[in-house]
Every structure is written in structure tokens, then in C-alpha cells.
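Novice: Handing you a structure now.
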Amino acid sequence: MDHVDAVVIGAGQAGLSTAHHLGRLGVGQVVLDAGDRPGGAWRERWPSLRLGAVHGIHDLPGLPLGEVDTARPAAEVVGEYFARYERTFAFPVHRPVRVRAVRDVGQRLLVETTERSWAARAVVNATGTWENPFLPHYPGRDRFAGRQLHTADYRSAEEFRGERVLVVGGGISAVEHLVELAGIASTTWVTRRPPELSAAEFTPERGRAAVAEVERRVRAGLPPGSVVSATGLPPTPAVRRAEELGVLHRRPMFDRITPGGVVWPDGTAEEVDVILWATGFRPVLGHLAPLRLRAPGGGIQLDGTRAVAEPRLHLVGYGPSASTIGANRAGRTAAREIRSLIA
């Protein structure tokens, strides 16, 4: 067992930002990352997702992304950027390392991993959501004879050429899939609620209002909820392109799944070859279960980035900080509070 001031779990945008600020404040740390190379969740994005189609990548603190070719895959560009960032600041990143559990052992938190254990005075959880795709349950899902996959498994529209694809979900990922599949496959778009397509640009004021709503939820101990539920669908390049292609004809959610397709509550049926679940992700928090942090509302109650039930634990990239710019700000806040704690 090694002793350290702080353990940062995750080397994505949130983890690297926090590590940068901890380093500037002189806090001894290790960064644990489950991936076998830099890039966080970005390295897992489908190859056909180009950087120019991504809605906002904020610079990491202290090292701008700089001029890049927006026609290149986002996974490559961001992966290279994160690798350069790690080299520049010489972060003590251990990978591939999976955290099995975080436990309270008195004056320190014990971080148990596949490599070894660390006894830390503070822990920053920056694990994001990519490794926990959400698949809603619908009757008959296990009997569907076609192919089912989640956004996390999507690689290219070409593999669906000529097929009938049902895209499920009301977020940006669903819209991006519809755009790529246009002209290649026959698509049907279904969402649980009518999508809120906004003609207004996503202004800083709207962004702050959305963050405030998510922050209200986590302060109350509720699950954060999705970004789209707070913002609607802003007129991003993907949304504009989808409108031009005429693929944003949404149908309400079906009632059940059959071996050959889906059936709506009124009995209307449609045969499909593929169900593409663009239904989002949930925070990766299973390793925190020994700390018993869940509030009655089902979420983890936060005060800023600090867990109310365990003040030595900070969650960055969770709730209101689950964005590239939000993760940077939250990383700075968490680092300052940790520095005060160990002082």
C-alpha cells in the first residue's frame, strides 16, 4: 500500500484538469486510468465522428489545443491532445488500472485497484459515463431477432447500408446517427418525449441556466439528469444538417419489441433490422459503493464538487461539471479544497 495526498480516478478532461491544478498547488498525487492509452472517453468515439461535428471542446488548462484539422476523427485529435498534455506536465498516470473499490479506513480513504492499493487523504472521482451505457428495458427486447447496439458500440453507418434502422433517443448523439445514416439506410426516429428543437443559439446565459438546474438536482441528492433535458436541442451543425436532410420526423416511444420490429400502444407495428439505442450513459460510480453515498433521492448529494456524506471525496465531471468547460472549472475548485483539507 502506498500513501499519497490525493488520488485522481480517471484521466479524461475532468481528471487531467484536476491533476493540473493539484500539481500547481503542490499536492502529491497519482492519476489512475482504466484505458490503455491517453484520450479518455474520446478515444472510444466512432471513427466517422469528425472534429468539426463535435459541439464544443474546451482547452485544458495551461495548454491550448491549437489549430487542428477539423476533418480528422475527433477520437484521434483529442487522444493526441490529451497525450501531449500528459507529457507536458509529466502527470503520474498509471494505466491500465481499474479501481475496484474506495473505502473509509479512518484518517484516509483506501483506493483498491487491479495494480495495488493507495491510502489517500483525498480522492477525486473523474470516471465520467462512457463505460456505463444506459439501455432502457422494454418488453420483448431480449427476443428481438435483429441487431441491437448502443451509441458506445457504433462505428460507421456503412455497416447498416440498406437496412431499416430504428434510432432511439432524443439527444445530440441520436441526431448525429440520423445524419450519418441518411441516404445509406432507412431510419425511424423515436423519443420518449417530443424533442425541443430551439432556433436560438446556445448562449452563455442558456448554458448557465442549464447548469444551475443540474446543480440544483445534485445538491438535493437527485440523479443529475441529461443535458438535453435541461437545454433541449440547440441548432448545432448536426441539428441543422438533419433538418436539411429531413430526418427529424420523430415518432413517440413504442410499447414493446417483437422479434421482427416494434409495436406502438395503438397497435401500429413496424419491422426493423437494427435498433440503435442512443439513450445516453450513467455515471460510473460502482467502485464508490462501499462509501454508501447514495441519498434517498437516488443520487450523490454534492456541495460544489464535494460529496456531502464524505468530504474527502470530490466528484468532477459529474452533474453540473459534466462538460468540457465545466470540468475545467470544477477541477480547479476541487484542487483548492483538497489543498485546504491537507494543509
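The values are calculated or read from the model by the stated rules, or taken from the named source; none is laboratory data. Every value quoted in this text rests on a predicted model; they were computed, and no experiment measured them. Methodologically, a virtual Cβ is constructed for each residue, glycine included, from the backbone with ideal geometry; neighbour enumeration extends over all protein chains shown.
Novice: Inspect all residues belonging to the range 54-70 and state whether any of them is buried (at least 16 other Cβ atoms within 10 Å of the Cβ), in contact with a strand residue (DSSP E or B) (Cβ under 8 Å, 6 or more places away or on another chain) and over 18 Å from Leu315 (Cβ atoms).
Specialist: There is no residue in the range 54-70 that is buried (at least 16 other Cβ atoms within 10 Å of the Cβ), in contact with a strand residue (DSSP E or B) (Cβ under 8 Å, 6 or more places away or on another chain) and over 18 Å from Leu315 (Cβ atoms).
For (1) under 23 Å from Gln13 (Cβ atoms); (2) of a type in the set (A, V, I, L, M); (3) in the same structural domain as Phe160 (by TED's automatic domain parsing); (4) in contact (Cβ under 8 Å) with a residue 12 or more places away in the chain, each residue gets a yes or a no:
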| residue | (1), (2), (3), (4) |
| --- | --- |
| Asp255 | no, no, yes, yes |
| Pro259 | no, no, yes, yes |
| Ala289 | no, yes, no, yes |
| Pro296 | no, no, no, yes |
| Leu302 | yes, yes, no, yes |
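Novice: Val102 versus (1) over 25 Å from Arg339 (Cβ atoms); (2) at pLDDT 95 or above: which is the lone unmet condition?
Specialist: Here Val102 meets the rest and fails (1).
Novice: Considering only the range 158-165, I want to know if a residue exists there that is out of contact with any Gly (no Cβ under 6 Å at 6 or more places or on another chain), of a type in the set (Val, Ile, Thr) and under 25 Å from Thr258 (Cβ atoms).
Specialist: Scanning the range 158-165, I find at least one residue that is out of contact with any Gly (no Cβ under 6 Å at 6 or more places or on another chain), of a type in the set (Val, Ile, Thr) and under 25 Å from Thr258 (Cβ atoms), so the answer is yes.
Novice: Hey, can you tell me all the residues within the range 149-181 that are among the small types (Gly, Ala, Ser) and farther than 18 Å from Pro235 by Cβ? Walk me through how you get there before you give the answer.
Specialist: Of all residues in the range 149-181, those among the small types (Gly, Ala, Ser) come to 152, 156-157, 162, 169-171, 173-174.
Listed by number, the residues that qualify are Ala152, Ser156, Ala157, Gly162, Gly169.
Novice: Follow-up. Which one is farthest from Val214 (Cα to Cα), of the residues in the range 322-343 that are of a type in the set (Val, Ile, Thr) and in contact with a helix residue (DSSP H, G or I) (Cβ under 9 Å, 6 or more places away or on another chain)?
Specialist: Top of the filtered list is Ile338.
Novice: Would you tally the residues in the range 239-259 being surrounded by 14 or more Cβ atoms within 10 Å (Cβ to Cβ), farther than 18 Å from Leu178 by Cβ and not hydroxyl-bearing (Ser, Thr, Tyr)?
Specialist: Looking only at that region, the number is 3.
Novice: State which residue is modelled with the highest pLDDT when the search covers only the range 17-38 and only residues that are touching a Phe, Trp or Tyr at 6+ places or on another chain (Cβ under 7 Å) and over 24 Å from Leu110 (Cβ atoms).
Specialist: Among those residues, the one meeting the criterion is His20.
Novice: Could you tell me how many of the residues in the range 130-188 are over 22 Å from the mean Cα position of the chain (by Cα) and assigned to a strand (DSSP E or B)?
Specialist: Here the count works out to 7.
Novice: Based on what the data block shows, is Trp264 aromatic (Phe, Trp, Tyr), surrounded by 15 or more Cβ atoms within 10 Å (Cβ to Cβ) and farther than 22 Å from Leu233 by Cα?
Specialist: Considered against the rule, which asks whether it is aromatic (Phe, Trp, Tyr), surrounded by 15 or more Cβ atoms within 10 Å (Cβ to Cβ) and farther than 22 Å from Leu233 by Cα, Trp264 comes out as yes.
Novice: So, of the residues in the range 1-41 that are of a type in the set (A, V, I, L, M, F, W, C) and surrounded by fewer than 24 Cβ atoms within 10 Å (Cβ to Cβ), which turns out to be nearest to Glu76 (Cα to Cα)?
Specialist: Ala41
Novice: What is the one condition in (1) buried (at least 16 other Cβ atoms within 10 Å of the Cβ); (2) within 17 Å of Val284 (Cβ to Cβ); (3) modelled with pLDDT of 95 or more that Arg121 does not satisfy?
Specialist: Every condition holds for Arg121 apart from (2).
Novice: Test each condition in (1) farther than 22 Å from Ile325 by Cα; (2) out of contact with any Ser or Thr (no Cβ under 7 Å at 6 or more places or on another chain); (3) surrounded by 18 or more Cβ atoms within 10 Å (Cβ to Cβ) for Asp104 and report the one that comes out false.
Specialist: Failing condition for Asp104: (3).
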